[in-house]
Amino acid sequence: MKFRPYSVRNKILLANASLLILYALMLWPLFHDTNEYNQFQTYKSKVKELNSRSTTAISIVYGFMIKERENIRFYQFRASPQIFEFKNNIKSIVKLENTLKSKSYTQYTYEVNFEQQIRNMNQLDLVFDSLVKLTLFRGFKDYGLEGKMRDAIHFVEQNKLLPLEQVLMLRRDEKDYLLRHQEIYARRLNMEIDIFTKSSRSQLLTEKLNDYQTYFRQLVHIDSLLEVSPKSIQYQLNKVEERVVFQQRLIEKQIIQYEEENSYNRKRKQYIVSALFILISLGVNLFFAVQISRNLHKLNFSLKSYIQSGYQDSRVWIENINSDEIGDIIFNFQALKREITGLMFNFNRDLEERTRKIEEQKSLLQDQQKHTLESIHYAQYIQKALLPKTEHIRKVFEQSFSIYFPRDIISGDFLWVQNIKTPTKEYAFAIVGDCTGHGVPGAMISMIAITTLNDIIQNKKIYKPERILQKMNQKFIELLQASSNQEIMYEGVDIGILRYEKKKKEMIFSGANRDLLLIRKEEQLVMSGSRMAVGHVTDANYVYKTHQIVAEKGDSWYLFSDGFSDQFGGDQHKKLKRAPFYQLLKQASKMEPLVQGAFLTDWFINWKGSNQQVDDVTIIGIRT
């Protein structure tokens, strides 16, 4: 290779070397600030860790109050992982605060009183110790004061020292207080104990009732120390939390103040160095750019002319080329233009032929898609014909509503509502099914399920929900195992069956991977089905779980698939989940059934927003 002292390569190397030397000289003043900056960042990270651990310690105490107070294992072993975690956290906080008080960080903390934060943590430690001791003394179920109360009343009950109805009266008021912690229930229980004690003729009964009352009054007093009184653990915890937060904010304020005081000088240095570097770099680059750009202008003109001609004109020629690398590029480029012109001609000819074939295939695919959609729409008409109409549902259940939102044109969910009369009884059935998948596969399974239900209930006269599920499971095992397709063998149905006997006002529910929700007088009752889908149970004689309950006036009963609770939506685009869905049904249960349907429909649309519907949605609500 011929050596070229004034080549582009040597010019660029010289320019880069000059800029590197210049940059190193410019950065030298900034190196003096590095150690101080790194030390301050270390301080900030330790302060952040301190605040985080302080917040964690308070959270542990709140978590203990919520979880461990009703944890049997805590009372059994008199120990808790949260106690161990809290103590370790307090030790780490004290260690961090002592580090931040050291001479290394004095310049950052001249206004911060870390001694006060240590006192706050010690106070929190004392409050937590008091909480643990009071909680253990109070007890839960068979432990502590609550356990002694139970032992006393159990002795009275087992030895029949009081009539059973009086014992149940005491237990009921005791339960009401333990659940609600309201003073009215405590006064009522004390009053009843006083009445029974005065009317007692048994010394043993009087002693046990006095023991029972003494333990109960101590328990009420402990509850007031934990939650109610002005000097309660809850009150002390809130005060400690306020002091901790105040100290955290003071520390953060001091950090901001220090950063503001030092940022100006640091930025001024950076601006000066940057401005000088930019100005000198521009001068160096401009000088070398003029040296290099002469041949580039010629190359650019040739490229532009060639592109404007549509890569067809190769006659534009460049003369007076310099003898450097760019000159070599220009020479090779002119030879390449002639080659590209020929290739472009052949490419355009082939492109036109391929475009014609693609258009033909596109037309064919559009025709096939049209025929497929027509078939799916026809399947939709068939599926709708098999599903009960709104008028039919209200005829069977006068106060009811139903929601049916397929994800696709056809659905894997289905409803089955029918009134069955026998010579002696009259049943009303409400059934919601959710077949594996959605769209065409789910719809095919749903039609099989509906046909099977019609055969079992209307032809074979089987009316017990658990027997209906058993027969359906047997039928699906026969159908699916008869197929050699491994994917079809895993198909199945999640289904809930509710039977209402009108004379007895009796509800019987049995479910396969489906639950029944009952809202009765603000109380939410969930009747769980067996966790085995129809078609997934290999045992043909498997017996599904059954729930039997007498309906009361004003009860609201809900059967549903999982499409509503699995929908993503809201501001954070998260899944709704089952517990919020149950709360939504509880809120809707206060409305009239027709209004419930409209309310839930609007709520679902607003929740889903712009998100795609993830599954078929089916709900039926009944009020007795």
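The values are calculated or read from the model by the stated rules, or taken from the named source; none is laboratory data. The shown structure was predicted, so the numbers you read here are calculated from the model rather than taken from an experiment. Note that we place each Cβ from the backbone using ideal geometry, even for glycine, and neighbour counts take in every protein chain shown. Just the protein is used for accessible areas: all its heavy atoms, side chains included, with ligands, DNA and RNA removed. Shrake-Rupley method; radii C 1.70, N 1.55, O 1.52, S 1.80 Å.
Tabulated values for the structure
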{"read-out": "Protection proxy ranking, peptides 252-265, 204-217, 574-587, average beta carbon neighbours within 10 Å, highest first", "value": "204-217, 574-587, 252-265"}
{"read-out": "Unit charges at the beta carbon, dipole of the chain: most positive-side option, Thr372, Ile456, Ile549", "value": "Ile549"}
{"read-out": "Scattering profile of the range 442-531 at q = 0.22 Å⁻¹ [log10 I(q)/I(0), Debye over alpha-carbon scatterers]", "value": "-1.16"}
{"read-out": "Farthest positive-ward along the chain dipole, Cα basis, beta-carbon charges - from His392, Thr206, Ile340", "value": "Thr206"}
{"read-out": "Equivalent ellipsoid semi-axes, the range 488-624, via Cα gyration tensor eigenvalues times 5, rooted, Å", "value": "26, 23, 11"}
{"read-out": "Residues Phe77 and Ser274, FRET efficiency given R0 of 45 Å [Cβ-Cβ distance, rounded to 0.05]", "value": "0.10"}
{"read-out": "Straight-distance crosslink candidates among aspartates and glutamates, where the alpha carbon sits under 13 Å from Lys545 and sequence neighbours closer than 8 are dropped", "value": "Glu466, Asp515"}
{"read-out": "Fraction of alpha-carbon pairs over 11 Å apart in the range 61-106 - percent", "value": "71 percent"}
{"read-out": "nm² value of the averaged projected area, convex hull over the Cα atoms of the range 349-426", "value": "7.7 nm²"}
{"read-out": "Estimated dipole of the range 358-473 in Debye, rounded to 20 [Cβ of Lys and Arg +1, of Asp and Glu -1, Cα centre]", "value": "760 debye"}
{"read-out": "Rounded FRET efficiency, nearest 0.05, which uses the C-beta distance separating Gln583 from Ser199 and R0 of 41 Å", "value": "0.35"}
{"read-out": "Cα lying deepest toward the dipole's positive end in the chain, options Gln572, Leu145, Ala289, charges on Cβ", "value": "Leu145"}
{"read-out": "Amide N proximity, the range 35-66 versus Glu259 label position 7 Å along Cα-to-Cβ, cut-off under 20 Å", "value": "35-55"}
{"read-out": "Principal axis box of the range 118-265, alpha-carbon based, largest edge first, Å", "value": "91, 23, 19"}
{"read-out": "Mean Cβ neighbour count within 10 Å, used as a protection proxy, ranking 613-620, 353-360 highest first", "value": "613-620, 353-360"}
{"read-out": "For the range 464-623, accessible area per residue (1.4 Å probe, heavy atoms of protein chains only), Å²", "value": "49 Å²"}
{"read-out": "For the range 178-277, convex hull volume per residue from C-alpha positions, Å³", "value": "138 Å³"}
{"read-out": "Partner lysines for Lys357 [C-alpha distance under 22 Å; skip if fewer than 8 residues away on the same chain]", "value": "Lys370"}
{"read-out": "Cα principal axis extents for the range 392-437, largest first, Å", "value": "42, 22, 11"}
{"read-out": "Computed Kirkwood radius, in angstrom, where 1/r is averaged over Cα pairs of the range 348-499", "value": "18.1 Å"}
{"read-out": "Accessible-area composition of the chain, carbon plus sulfur, in percent [1.4 Å probe]", "value": "56 percent"}
{"read-out": "All lysines inside 21 Å of Lys101 as judged from Cα atoms, apart from same-chain residues fewer than 8 positions distant", "value": "Lys44, Lys46, Lys48, Lys91, Lys253"}
{"read-out": "Approximate spin-label separation Glu207-Asp455, in nm, with each point projected 7 Å along Cα-to-Cβ", "value": "7.3 nm"}
{"read-out": "Student exercise, the range 566-611 dipole from Lys, Arg, Asp, Glu Cβ charges, in Debye to nearest 20", "value": "240 debye"}
{"read-out": "Radius ratio Rg over Rh of the chain, counting only Cα atoms, Kirkwood formula for Rh", "value": "1.17"}
{"read-out": "Under the Debye formula (equal points on every Cα, no solvent term), log10 I(q)/I(0) of the range 34-187 at q = 0.12, 0.17, 0.20 Å⁻¹", "value": "-0.68, -1.00, -1.18"}
{"read-out": "Among the listed pairs Lys141/Lys577; Lys505/Lys608; Lys502/Lys590, those beyond 29 Å (Cα-Cα)", "value": "Lys141/Lys577; Lys505/Lys608"}
